[in-house]
Structure formats: structure tokens, C-alpha cells
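The values are calculated or read from the model by the stated rules, or taken from the named source; none is laboratory data. In this text the structure is predicted, and so the values were computed from the model without any measurement. Neighbour counts are summed over all protein chains in view; Cβ atoms, including those assigned to glycine, are modelled from backbone coordinates with ideal geometry.
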Amino acid sequence: MSAQVIDGRACARALKESVAAAIEQLREGGARTGLATVMVGNGYSSAAYERRLRRLASDLDVAYFPCHLPATVSQDDLVSAVSGLNAAPDVSGILVLRPLPGHISEAAVFQSIDPVKDIEAVHPENAGRLALGVPRYVPSTAASAFHLLDKWLDSVGEDRTAFYHRSLVVVVGRSSNVGKPAVSLACDRQAAVESVDEWASRTGSLGRHTRRADVLIVAAGRPGLIGAEHVSDRAVVIDVGINPRPGPGGRNRMVGDVDYEAVAARVRAITPVPGGVGPVTDVWLLRNTAAAARALSARERNGATLLLSSLELP
Ligand code: NAD
């Protein structure tokens, strides 16, 4: 048996059209959609992400404000840079790219972001809202994993609600930016949920969890972590991992956390890398940036603080 391939690029194209329409509508209503990224140092993955966002913002005619700071920047200067973006009227969304250097407290930087501009929900207020099931913004990677799942379920004619209610979702990796939000989203869908991290691998129990999964979301940053022996033939596999590996001609190529050939030969459906979660994540971030423009505009007009339920874009 060979898995159905869940095409992230096609899904991203469709999403991009709806985000473009929403941004246009916001513009007509006087709301300004603008994305600011803050990059400290020049890490390979952050720089590649920043280039993709710059291109996408340009395609969508969204103002883009890149802020580059040296790896030696002090925490106070980094927080001041974020405060400047909080005050900038043309910036609706702020993304602080990870990783930050070891001398910087991520928590202090995230806490300095205006919660209404915090499009990755890293401020404790937004992370708390997500955990409580009343999000202001859903972090783009976890949102994209479930968007791909939902669209795939639609494409095969399965009822989303019934599917999640009877499914076990296993999430490999428990970071605050991907694994934990994915667990929250699976809980919101009333699925049975298991979260495993590197201790499951160290103790040899990873496969015992993953083989039971109806949906397996893998976000560990370990190329080839999941092989054919870790999955069942009913699994739908969402590979979040993006790992640079030296390719031909000295150029890097990206591989996921899943051994694609081996796993695709066994499971029901799978996302490839590249071309799976990544392209959708990029567009989702712009979607959140547009939602933030709507929220800021409401705050300016009448002091209202909107939640996701009232921020939904078409
Ligand atoms: P992270 O390093 O912050 O967290 C990794 C998590 O995986 C931790 O909970 C860790 O305990 C767990 N882990 C590590 N080794 C493991 C193992 N052997 N077995 C089981 N669990 C293990 O990473 P992150 O920011 O969550 O990112 C994870 C991966 O997802 C990376 O490859 C990253 O590049 C990728 N990523 C992709 C997107 C996208 O849009 N597709 C977005 C963000 C991150």
C-alpha cells in the first residue's frame, strides 16, 4: 500500500487566496496589515524563514519590517527594539525568530510583545488563552498541521468531528512553539491525545506510543526519527520537522523527522518535506498578521480586545 500524499503547497495556495482577500477587505476598511520580524544573529533556519516571509509579504502587498540585531545584543536593547515595534502604527504583527542566543531570556522578550501584536501566541497571556481553549491567535505551525488534517479529511469525505472523536492523536516533541500547541488543538477537537518527548526515545518506548496513533504529528527536529516500525497502516502522519542536510553542489536540502519512503509505503496519508507543513505555516503567519490588524483597529476604535472567535477571517 502507498500513502496518500497531503499536498501542503496546494493547500497553501488556496489559503493564500483567502488571506489576500481578507487583507484587501481590511485595507478598504482602513486597517493596516504589517509584519515585523526580529532576528538576532544570522542562524541558517531563521534567515531562510525570514526570506520566505519577506517574499510572501511582498506577494500579499503587506508592509514588511525586518529588524536585524547582532548576536551580541543585550537583553535590554532587544526588549527596546520590541517596544519600538509595539508602538509602530504600521506594524500589526510581531514575530521574534528563534533561537535566541543563550544570554537572552526568551520569556522576558516574549512578555515584552504587545499581546494583540503577538501573532505566534508566545506572550504568556496568549499561550494561556490557547491552553484554556480560548485563543487569541493559534501559533502558525500547529495551526497548519491541523489545517492540513482538516482539509485532507474533507477531501476523503470523512466527517471531521467524528474522526477526531474516535482518534488517538500522538504528538512527538513537546516544545512550547509546536508540540504543546498541537496537543492543545487536538484536545480542543476532543481527540484522545498522547504527548511524548525525547525521554520516550531514550527509554525505548517511542514506538509503543506511535504505533497506536491514528494521527501522528512529529516535531522533534531529528531526521529519520520515525521509521516504518513506528507506524500502523491506519496512521495519518504529519511531519513538522525541517532539518537542513548537505545536498548536491554544496547546497542544503531539507528533510523531515520521518523516513518518508519507508513510512509512506505503510501509512494511510502523509505530508512530505519539503512541500508539507512548511508552506502552510508561512501563509498562516500572514493570516494571523491580518487578524491582528483587525484586532488593533477594533482596539483603536473602541478599546475592544478581540478573541479568535471574532477575528476569524473569511
Ligand atoms: P525544539 O528543539 O524546541 O523541541 C523539540 C522537541 O522534540 C522537544 O520536546 C524534545 O524533547 C523532543 N525530542 C527531541 N529528540 C527527540 C527524540 N529522539 N524522540 C522524541 N522526542 C524528541 O524544536 P521545535 O521548535 O519544536 O521544532 C521541531 C522541528 O520542527 C524542527 O525540525 C523544526 O525545524 C521544525 N519546525 C518546522 C516548522 C514548519 O513550519 N514546518 C515550524 C517550526 C519548527
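Observations, loosely collected:
- Candidates are the residues of region 78-93 that are closer than 14 Å to residue 112 by Cα and of a type outside the set (A, V, I, L, M, F, W, C); the one that is surrounded by the most Cβ atoms within 10 Å (Cβ to Cβ) is 93.
- Exactly one residue out of 52, 32, 27 is surrounded by fewer than 21 Cβ atoms within 10 Å (Cβ to Cβ), within 16 Å of the ligand (Cβ to nearest atom) and either among the basic types (Lys, Arg) or in a helix (DSSP H, G or I) (or both): that is 52.
- Considering residues of region 166-176 that are over 25 Å from residue 99 (Cα atoms) and surrounded by fewer than 23 Cβ atoms within 10 Å (Cβ to Cβ) only, the residue nearest to the ligand (Cβ to nearest atom): 168
- Residue in region 217-276 that is farthest from residue 187 (Cα to Cα), counting only those that are in contact with a Phe, Trp or Tyr (Cβ under 8 Å, 6 or more places away or on another chain) and of a type outside the set (S, T, N, Q): 244
- Pair list, Cβ under 7 Å, 6 or more apart: region 126-146 residue away from the ligand (no atom under 16 Å from the Cβ), other residue outside any helix (DSSP H, G or I) and aromatic (Phe, Trp, Tyr): 126/137
- Selection from region 159-175 of residues that are free of Cβ contacts under 8 Å to residues at least 40 places away in the same chain and assigned to a loop (DSSP other than H, G, I, E, B): 159, 174
- Listed by position, the strands (runs of 3 or more DSSP E) contained in region 177-266 that have at least 3 residues being within 14 Å of the ligand (Cβ to nearest atom) and crowded, with 20+ Cβ neighbours inside 10 Å are 215-218, 236-239.
- Whichever residue in region 267-299 is away from the ligand (no atom under 13 Å from the Cβ) and not in a helix (DSSP H, G or I) and, among such residues, is surrounded by the fewest Cβ atoms within 10 Å (Cβ to Cβ): 268
- Among the conditions (1) within 16 Å of the ligand (Cβ to nearest atom); (2) surrounded by 14 or more Cβ atoms within 10 Å (Cβ to Cβ); (3) in contact (Cβ under 8 Å) with a residue 24 or more places away in the chain, the only one that residue 99 does not satisfy is (2).
- Flag if residue 2 is farther than 30 Å from residue 74 by Cβ and at pLDDT 95 or above: no
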